[in-house]
Amino acid sequence: MISFLDYSKLKKNFSIKQLSLDADKLTIDSVSYAADQIRSITPLSAQNILDKYNIYLIEILTVDGQRYLVFDRDVAWKLESATIKSLREITAFNPKIMERKYIDGIVALKSQV
């Protein structure tokens, strides 16, 4: 859950994409990528200082230099992402998944991306 203000900041500064997962490829806004076309998949957690909510995103970098941000589902009580868990189950994507990055706020997220 994020606030409307956070969502509008994200929407203004970033192009948030839709992600779907098939057996052997990721589809990002109707463009399909095989595992060998993905450089890294990094879960991001950005905390907004004003309302203390964490915003969970996934950053996907492709080998051709494209960078995508995707809203992640809320993490479980163990801080596990259902999206990342699904990606880990596919052996081709498992080595591409990086450790979660914790970012302090939307402004810091903009400098990271």
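With the condition kept exactly as written, say whether any residue in the range 5-26 is closer than 15 Å to ILE103 by Cβ and at pLDDT 75 or above.
Applying the first criterion (closer than 15 Å to ILE103 by Cβ) to the range 5-26 yields 6, 9-10, 13-14.
After this cut, where a residue has to be at pLDDT 75 or above as well, the list is none.
The answer is no; no qualifying residue exists.
Starting from the range 10-25, keep only residues that are under 13 Å from ASP72 (Cα atoms), then list their pairs with residues that are at pLDDT below 80 whose Cβ atoms are within a distance under 7 Å, requiring at least 6 positions of separation or different chains.
Every condition considered, the pairs that remain are ILE16/LEU10.
For the range 43-64, what are the residues that are at pLDDT below 90, in a loop (DSSP other than H, G, I, E, B) and not aliphatic (A, V, I, L, M)?
Matches in the range 43-64: ASN48, ASP51, LYS52, TYR53.
What about TYR33, is it part of a strand (DSSP E or B), surrounded by 16 or more Cβ atoms within 10 Å (Cβ to Cβ) and modelled with pLDDT under 90? So that I can check it myself, show each step before the final result.
Details: part of a strand (DSSP E or B): yes; surrounded by 16 or more Cβ atoms within 10 Å (Cβ to Cβ): yes; modelled with pLDDT under 90: no.
No.
Looking at GLU99, is it in a loop (DSSP other than H, G, I, E, B), modelled with pLDDT of 80 or more and open to solvent by 20 Å² or more (accessible area, probe 1.4 Å)?
Numbers: in a loop (DSSP other than H, G, I, E, B): yes; modelled with pLDDT of 80 or more: yes; open to solvent by 20 Å² or more (accessible area, probe 1.4 Å): yes.
So GLU99 passes the test.
Return the total of residues in the range 19-31 being of a type outside the set (Val, Ile, Thr) and in contact with a strand residue (DSSP E or B) (Cβ under 7 Å, 6 or more places away or on another chain). Spell out how you get there, then give the answer.
Of all residues in the range 19-31, those of a type outside the set (Val, Ile, Thr) come to 19-26, 29-30.
Going one step further and asking which of them are in contact with a strand residue (DSSP E or B) (Cβ under 7 Å, 6 or more places away or on another chain), we end up with 19-20, 24-26, 29.
The qualifying residues number 6.
The values are calculated or read from the model by the stated rules, or taken from the named source; none is laboratory data. Being a predicted model, the structure only gives us computed values, none of them experimental. Please note: Cβ atoms are built from the backbone with ideal geometry, for glycine as well, and neighbour counts cover all protein chains shown. Side chains are part of the model used for accessible areas, which takes the heavy atoms of the whole protein and leaves out ligands, DNA and RNA. Shrake-Rupley method; radii C 1.70, N 1.55, O 1.52, S 1.80 Å.
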